[in-house]
1. Could you look at the chain and say what percent of its accessible area is carbon and sulfur, using a 1.4 Å probe and all protein chains?
2. Please list, ordered by chain and number, the residues whose modelled amide H lies under 5 Å from the amide H of LEU161; skip anything fewer than 5 residues away on the same chain.
3. With the dipole of the chain worked out from charges on the C-beta (+1 for Lys and Arg, -1 for Asp and Glu) around the Cα centre, which of TRP158, GLY173, GLY37 lies farthest toward the positive end?
4. How do THR46, THR231, THR159 stack up against each other in accessible area, from largest to smallest, with a 1.4 angstrom probe?
5. Write down the accessible area per residue of the stretch 2-141 in Å², having rolled a 1.4 Å probe over the full set of protein chains.
6. Based on the alpha carbons, how large is the Rg to Rh ratio for the chain when Rh follows Kirkwood?
7. What is the packing order of peptides 102-108, 25-31, taking the mean over residues of other C-beta atoms within 10 Å and listing the highest first?
8. Need the full-extension length gain, ASP15 to THR90, defined as separation in residues times 0.36 nm minus the C-alpha distance. One decimal, nm.
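The values are calculated or read from the model by the stated rules, or taken from the named source; none is laboratory data. Everything numeric in this text was worked out from a predicted model, so none of it was measured. Note that each Cβ is placed from the backbone with ideal geometry, even for glycine, and that neighbours are counted across all protein chains shown. Side chains are part of the model used for accessible areas, which takes the heavy atoms of the whole protein and leaves out ligands, DNA and RNA. Shrake-Rupley method; radii C 1.70, N 1.55, O 1.52, S 1.80 Å.
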Amino acid sequence: MKGTDGARSTRGTRDTHWAPGEHILWRYRDQAPGVDGRVHICRPVTVVEDTEDLLAVWMAPGTECVKPVLADGGAVSREPLATRYTAERTTARAHWSGEGVLKLARPGDPWSVWLFWGPGWDFRNWYVNLETPRVRWDGGVDSEDHFLDIAVYPDRSWTWLDEDEFAQAQRSGLMSPEEALGVRSAGLAAAELISAWGAPFSSGWQDWRPDPSWCVPVLPEDWDRTPAYMTS
Ligand code: MG
């Protein structure tokens, strides 16, 4: 596949793997009309594992990240749903509060799976974040969030999350009806994987722990830099 257009579209310019312990950026681009796909979420993470089959990264507690905020600096969630995606936004640097998050992604999957713990490593749930397959570049991976998410619990039950935001994103023109159908069918494919209790749910990642010698990755000044795959 290497060298074909299909491979480039999901792998960007990056063909080599990162080593465990390396720091990369896990980023999302804003798909709101008129913002030209600017990065609005950037999370510095440590590579746990990077193979042909899986990219696993750790976002440590307290990591300084970039998140979208309203123009006045207020939380996006405070904006009423009807105008949440059309109100003017900017970005802000803020430290991640709460426990760390383990993110797992199979190359090409239109979702990534996040693991959440409570204090004392009390495992809470998996979270399937529906998103475009990640594009790899020298500094990390880029994706676009698809609003709809799935929570998966240790008893293997699951539920859709953020249906309201998914519907509003369509009404606000961030997703066409065709794209929304694609997102829903990606979610249904994830649900099949959950029902079959395939990887990564069956892989025991809830017992994984970060290397205690790891430091918290630093958010670089140029967190929003444009990778070569977007300019060539
Ligand atoms: Mg999401």
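1. The nonpolar share, carbon plus sulfur, comes to 52 percent.
2. Result for LEU161 returns ASP149, ILE150, ALA151.
3. Farthest along the dipole direction, towards plus: GLY37.
4. Sorted descending by solvent-accessible area, the residues read THR231, THR159, THR46.
5. Value for the stretch 2-141: 43 Å² per residue.
6. Reported Rg/Rh (Cα atoms, Kirkwood Rh): 0.94.
7. Output ranking for 102-108, 25-31: 25-31, 102-108.
8. Taking ASP15 through THR90 to full extension adds about 23.8 nm, to one decimal.
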